[in-house]
1. Find all pairs meeting these conditions: Cβ atoms under 9 angstrom apart; at least six residues apart or on different chains; first residue within the stretch 114-135 and at pLDDT below 95; second residue exposed (fewer than 12 other Cβ atoms within 10 Å of the Cβ).
2. From the list Ile138, Ile100, exactly one residue is buried (at least 20 other Cβ atoms within 10 Å of the Cβ) and under 30 Å from Gly58 (Cβ atoms). Which is it?
3. Select, from Ile52, Ile89, the only residue that is crowded, with 16+ Cβ neighbours inside 10 Å, in contact with a helix residue (DSSP H, G or I) (Cβ under 9 Å, 6 or more places away or on another chain), at pLDDT below 95 and over 16 Å from Thr172 (Cβ atoms).
4. Could you please give the count of residues in the stretch 112-124 that are under 15 Å from Ile171 (Cα atoms) and out of contact with any Gly (no Cβ under 6 Å at 6 or more places or on another chain)?
5. Are any residues in the stretch 90-122 out of contact with any strand residue (DSSP E or B) (no Cβ under 7 Å at 6 or more places or on another chain) and in a helix (DSSP H, G or I), and if so, which ones?
6. Kindly indicate whether any position in the stretch 162-185 is touching a Phe, Trp or Tyr at 6+ places or on another chain (Cβ under 9 Å), outside the structural domain of Arg69 (by TED's automatic domain parsing) and either modelled with pLDDT of 95 or more or more than 17 Å from Leu119 (Cα to Cα) (or both).
7. Only one residue in Ala196, Ala227 is exposed (fewer than 13 other Cβ atoms within 10 Å of the Cβ), within 20 Å of Ser12 (Cβ to Cβ) and at pLDDT below 95. Which one?
8. If Leu19 passes every condition in (1) in contact with a Gly (Cβ under 7 Å, 6 or more places away or on another chain); (2) closer than 30 Å to Pro132 by Cα; (3) not basic (Lys, Arg) but one, which one does it miss?
Amino acid sequence: MTRVRIENVVASASFGVELDLHAIARTLVGAEYAPDEFPGLIYRLKQPKTAILLFHSGKVVCTGGKSWRQVDESVRTVSQLIRKGGQRIQGHPQIQVQNIVATSDLESEINLNSVAVTLGLDRVEYEPEQFPGLVCRIDEPRVVVLLFGSGKLVCTGARRPSDIQLAVRKITEELQDADLLRGERNPPKSSPTPSAPKSRGFTPVPRASSAPGSRMSEPWAPKAQMAA
């Protein structure tokens, strides 16, 4: 089974009451709140490494998590800090996952021109002059897959890890049936290994660990909390 790695989980919830963002900004050390530029308050957690967005309506958005468990932990942490600051909010809110971004590697070079012709222009967008990847839309599950000539892919739009696994399996089978996977990549030419570039800011898609068997992230959200 192709290995899939969750890179980012975007989820939302509601505290059920209006929030005094000015007061919360004074309470949360390091919070960013500039209503003239962005209506929400941004608060970054170091552990887990996520970003929380709070809005006056009481809505909260969490991004940067690599599992539902990290999202849940982040929302709980922020809600406790808000209560300590004197803001009354309801109990732990129900969390709705809005988008999961994951990556995978088909371990084979791909001719994207052939893929575009085979899968059909009604399903794909490929303009290499503007973007090096091919955009493929899958109806079931309803996700978008970005394919690259190296065999790497990015899957976005899913709300459950099982949807990602199904989408990757479907696109892999389609490419195999059309004989578009060339097998193992050619070994790279020997050359000095370049040093990794230094990070220059917040990385919105941290790496995610995979669990035994499913090769996905750690246990996911209960079904009741995954409902749209």
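The values are calculated or read from the model by the stated rules, or taken from the named source; none is laboratory data. What you see is a predicted model; the values in this text were computed from it and never measured. Cβ sites come from the backbone with ideal geometry, for glycine too, and all protein chains shown count toward neighbours.
1. Filtered contacts from the stretch 114-135: Arg123/Asp139.
2. Result of the check over Ile138, Ile100: Ile100.
3. Numbers: Ile52 fails: at pLDDT below 95.
From the options Ile52, Ile89, the qualifying one is Ile89.
4. Residues flagged as under 15 Å from Ile171 (Cα atoms) and out of contact with any Gly (no Cβ under 6 Å at 6 or more places or on another chain) within the stretch 112-124 amount to 9.
5. Residues satisfying the conditions are Asn113, Ser114, Val117, Thr118.
6. Start the filter on the stretch 162-185 by keeping residues that are touching a Phe, Trp or Tyr at 6+ places or on another chain (Cβ under 9 Å), which leaves 162.
When the remaining residues are screened for being outside the structural domain of Arg69 (by TED's automatic domain parsing), the result is 162.
Filter again for either modelled with pLDDT of 95 or more or more than 17 Å from Leu119 (Cα to Cα) (or both), leaving 162.
Scanning the stretch 162-185 turns up at least one residue that is touching a Phe, Trp or Tyr at 6+ places or on another chain (Cβ under 9 Å), outside the structural domain of Arg69 (by TED's automatic domain parsing) and either modelled with pLDDT of 95 or more or more than 17 Å from Leu119 (Cα to Cα) (or both).
7. Working: Ala196 fails: within 20 Å of Ser12 (Cβ to Cβ).
Only one candidate qualifies: Ala227.
8. If we test Leu19 against (1) in contact with a Gly (Cβ under 7 Å, 6 or more places away or on another chain); (2) closer than 30 Å to Pro132 by Cα; (3) not basic (Lys, Arg), just (2) comes out false.
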